[in-house]
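Here's the structure, in structure tokens; my notes come after.
All of the numbers you see were taken from the coordinates with simple rules; none came from a lab. All of these numbers come straight from a predicted model, not from anything done at the bench. We place every Cβ from the backbone using ideal geometry, glycine too, and count neighbours over all the protein chains shown.
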Amino acid sequence: MCGVVGISSNESVATDIYDALTMLQHRGQDAAGIMTCHNGQFLQRKGEGLVKDVFQAKHMQQLGGNFGLGHTRYPTQGSSGSALAQPFYVNSPYGIALAHNGNLTNSSTLSEELYQTDLRHLNTDSDSEVLLNVFAHELQRQGKLTPTSDDIFKAVATLHKRCEGGYAAIAMIANVGLVAFRDPNGIRPLVVGVRTVDDHKSYMIASESVALDVLGYRLIGDVDPGEALFIDAAGELYRKQCADSPKLRPCIFEHVYFARPDSLMDGISVYKTRMRQGERLARKIMRERPDHDVDVVIPIPDTSRVAGQALAHELGVKFREGFMKNRYIGRTFIMPGQTQRRKSVRQKLNPVPLEFEGKTVLLVDDSIVRGTTCQQIIQMARDSGAKQVYFASAAPPVRYPNVYGIDMPSAEELVAHGRTIDEVSAHIGADWLIYQEIDDLIECSREGNSLVDGFELSVFDGQYQTGVIDDAYLSGLSDARSEESVDRAEGALVGLHNRS
């Protein structure tokens with residue numbers, strides 16, 4: 001899961017892209033990058049780390065130009081490292097850069113096609129580089145010295161036919177303008193906004209609406225599934241549907257975990273969705289345990305806070321902040337490597353013992369993925385004197401790998417895979433565990449936009465929206481993940497030896 005942003009203006013855009021990336025930092029902490037175009041020349045700065053660490057004042061001064069791209073990276077397809085920091089760039093045709101959020105499920109096939117048929121060389125194992133080269137090849141086939149909006153839309157239309165998976169991308173063509181497109185199922189989010197100053201319109205395209213808000217852009221709406229946007233060098237905006245049979249089936253895990261609560265996606269308020277998740281979960285608790293003995297509801301900061309507040313209100317139980325969060329530790333779920341996740345939980349959260357002593361506490365989290373984090377948190381609650389520890393998940397059991405850009409590629413890592421709810425409860429050490437019903441989760445999101453065709457729910461139901469996702473494909477992902485873990489571990493050892 002990554003954050004992308006593109007801006008076209010009549011002023012320098014680098015600092016605005018930087019500010020937008022800070023608002024999208026929650027979508028990826030592995031690496032960050034900015035690329036701008038000035039007088040036909042691409043200028044870039046990218047590297048591993050947080051936005052604030054990758055970009056210093058001297059870097060920003062070197063990023064001139066009135067349109068550009070930004071990216072915050074979360075490692076999924078391909079290993080982590082500075083070589084995979086985006087945006088990526090190809091020099092033919094025209095000079096094209098691209099920032100991408102999502103995952104192509106047929107990237108291996110496309111890689112072969114690009115080499116064997118399109119005669120294009122790939123430098124990395126990243127599907128984002130694949131996507132860039134497919135777009136570049138299709139644009140080159142139009143055969144124009146200067147591509148028009150129609151040429152660009154034809155290239156995107158063919159790209160949709162070739163590429164499978166979930167993707168939201170922003171591309172920059174030297175001296176031509178910005179291009180944005182979204183997969184035909186709208187799995188990954190993408191919004192567009194406008195800001196008018198002295199009769200000049202600037203446009204921003206971003207993963208979430210919060211990036212627009214901080215810079216005074218007015219949300220126009222979402223990039224539709226299968227749609228492409230083109231903003232030319234003069235600042236004119238063109239839009240066209242480029243897919244044959246688009247359907248709006250956004251990833252519901254955005255509403256559960258990834259997106260900020262103050263974002264709007266596909267006309268759906270993430271904040272209100274999470275409120276409804278808490279309310280629905282409370283009603284399930286009342287059905288299953290009408291005489292429950294919950295003394296206090298305590299959220300796991302931060303993504304479960306909204307659902308926890310609504311749950312406590314619906315139950316008529318006290319809501320308390322029982323864990324204090326260290327704001328300088330990253331989001332544990334998106335950290336590469338299980339060892340790093342385990343280590344960071346205790347550094348990240350510290351209990352307030354008075355809220356636990358002698359009480360039956362209901363801990364609320366947005367979801368349970370691997371189970372290691374909630375296992376440690378439950379033990380922290382017991383160590384703080386809790387009489388009983390119940391656990392509530394605002395999402396259903398996560399039982400299946402994700403193939404559309406979320407770091408869940410191995411079923412064996414998922415605590416609910418192959419286990420009953422009682423077995424999961426015993427595994428994480430809870431006295432009682434309750435999950436959201438999948439139909440309730442769907443209704444929580446659908447209530448925000450009744451025109452949604454459906455939701456991407458594969459982590460819950462194992463039904464994949466695109467491509468051929470079979471056991472062989474999933475096994476390949478799992479094997480690749482294991483190899484990457486070994487590579488990272490060996491790399492760490494090499495680093496230690498080099499420092500000794």
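Residues R141, R27, ranked from the fewest to the most other C-beta atoms within 10 Å, line up as R141, R27. For the stretch 273-453, the tally of Lys pairs with Cα-Cα distances below 21 Å comes to 6, considering only residues 8 or more apart or on different chains. At a Förster distance of 45 Å, what's the computed FRET efficiency of Q388 paired with A472, Cβ-Cβ distance as r, to 0.05? According to the calculation, E is roughly 0.50.
Dividing the summed -39500 (n - 2.57) terms of all DSSP H runs of n ≥ 4 by the residue count of the chain sets its mean residue ellipticity at 222 nm at -10000 deg cm²/dmol.
Taking square-rooted eigenvalues a ≥ b ≥ c of the alpha carbon gyration tensor, is the stretch 1-160 rounded, prolate or oblate, where a/c under 1.5 means rounded and, failing that, a/b exceeding b/c means prolate?
The shape class here is oblate.
The stretch between D19 and L145 holds 41.9 nm of extra length on full extension. This uses 0.36 nm per residue minus the Cα-Cα distance.
The count of lysine pairs in the stretch 3-247 whose Cα atoms are under 20 Å apart, excluding pairs fewer than 8 places apart on the same chain, comes to 8.
Projected label points at K161 and D302, each 7 Å from Cα along the beta carbon direction, are separated by 4.5 nanometres.
Label separation (S450 vs Q61): 5.8 nm, computed from points 7 Å beyond Cα along the C-beta direction.
Distance from the C-alpha centroid of the stretch 20-61 to that of the stretch 355-392: 38 Å, rounded to the whole angstrom.
Quick check on the stretch 123-208: take the gyration tensor over C-alpha atoms, sort the square-rooted eigenvalues as a ≥ b ≥ c, and tell me if it's rounded (a/c under 1.5), prolate or oblate. Verdict is oblate for the stretch 123-208. I need the shape label for the stretch 93-247. Rule: rounded when a/c is under 1.5, else prolate if a/b > b/c, else oblate, with a, b, c from the alpha carbon gyration tensor. In terms of gyration-tensor shape, prolate.
Based on the Stokes-Einstein relation at 37 °C and a viscosity of 0.692 mPa s, and on the Kirkwood radius from alpha carbon pairs, the stretch 382-486 is assigned a translational diffusion coefficient of 207 µm²/s.
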